[in-house]
1. Which length gain, in nm to one decimal place, applies between Ala197 and Ile258 when the Cα-Cα distance is subtracted from 0.36 nm times their residue separation?
2. Report, ordered by chain and residue number, the lysines lying within cross-link reach of Lys46, taken as a straight Cα distance under 22 Å and ignoring same-chain residues fewer than 8 apart.
3. Sum -39500 (n - 2.57) across every DSSP H segment of at least 4 residues in the chain, then divide by the residue count to get the 222 nm mean residue ellipticity, nearest 500.
4. If one takes the longest principal axis of the Cα atoms in the chain, at what angle in degrees, from 0 to 90 and to the nearest 10, does the Cα axis of helix 169-187 lie?
5. In degrees between 0 and 90, to the nearest 10, how far off the longest principal axis of the chain does helix 7-20 point, with axes built from Cα atoms?
6. For the chain, give the percent of accessible area contributed by carbon and sulfur heavy atoms, probe 1.4 Å, rounded to a whole number.
7. Rounded to the nearest angstrom and ordered from largest down, what semi-axes does the equivalent ellipsoid of the stretch 1-91 get from its C-alpha gyration tensor (root of 5λ)?
8. Label Gln187 and Phe146 with points 7 Å out from Cα along Cα→Cβ: what is the distance between them in nm?
Amino acid sequence: IPGIREPYINDNAMSKVKDYGLAMHVMDIPSYDDSGNRLYDDSTGKPNINYVCNELDARNIDNNYAATYFPDVYVDDATNSRRVKVPASVAALGALGFNDRVSYPWFAPAGFNRAALDFVTNVTVRLNVSDRDRMYESRINPIATFPRLGFVIYGQKTLQINKSALDRVNVRRLMLEIKRIIIGIAQKIVFEQNTPAVRNKFVADASFQLGLIQVQAGIEGFQVIMNETNNTQEDADLNRLNGRIVVVPTRVVEFIAIDFIVTNSGVQFV
């Protein structure tokens, strides 16, 4: 819902998306000036990074089905021959679409390979390194500006508070894709006889699909369980079949540390 920044509406949207479990909410957040006054679409003030971050922190959002980006960007409207300001979520959706076109949903929609915003002509505020770090602490994905390289989404955090694999957009989208695949497999055995052959078919089909994702660098390992260890006679009497899938997501590189040692004879790399 690009441009909708009201906390009440977005909190409700995040709750509904989490309940649905098969989507992610790309959220726009309000901006605030140096005096803490909220900026609207027709405001002329410049956003203050600390106020923006503090206001989002105060909302205490804890939801890995949502992610937010900052700041708003300018794009060219070729039809009307003018430059227009659009919400940050528009740039994020463009990066998500490009990411899925050139790779897979479980790749990070960030960085120059998949989130370089060549359609963006400017941003409402240019973030320096400390600004980006401050925003990332508040789980806001910054749209950064690099000289000669242009504009790029330089983060991929969800709005989950606790540190885990699901505090990253690519892992959340990986799990959404796996959910869709497994639902499709499970729907094909609903109302079938509860026999070992049916259970083995589910395990085989699920393992095949997860194996493809593993080959495509989405997961490092997985396990599919649907047997007597997680299905009892009581489950059978209730016409219920239980399955369990364990996956280990492939992590992405977000920080690179390189040590340089200067010696009398030159530079030594370690």
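1. 16.6 nm
2. Lys85
3. So the helix-based figure for the chain works out to -11000 deg cm²/dmol.
4. 30 degrees
5. 20 degrees
6. Carbon with sulfur: 52 percent of the solvent-accessible area.
7. With the √(5λ) rule applied to the stretch 1-91, the semi-axes are 24, 19, 9 Å.
8. Result for the modelled spin labels: 4.1 nm.
The values are calculated or read from the model by the stated rules, or taken from the named source; none is laboratory data. Just so it is clear, the structure is predicted and the values come from calculations on it, not from any experiment. Please note: Cβ atoms are built from the backbone with ideal geometry, for glycine as well, and neighbour counts cover all protein chains shown. The protein model used for the area step is the full one, side chains on, heavy atoms only, and it has no ligands, DNA or RNA in it. Shrake-Rupley method; radii C 1.70, N 1.55, O 1.52, S 1.80 Å.
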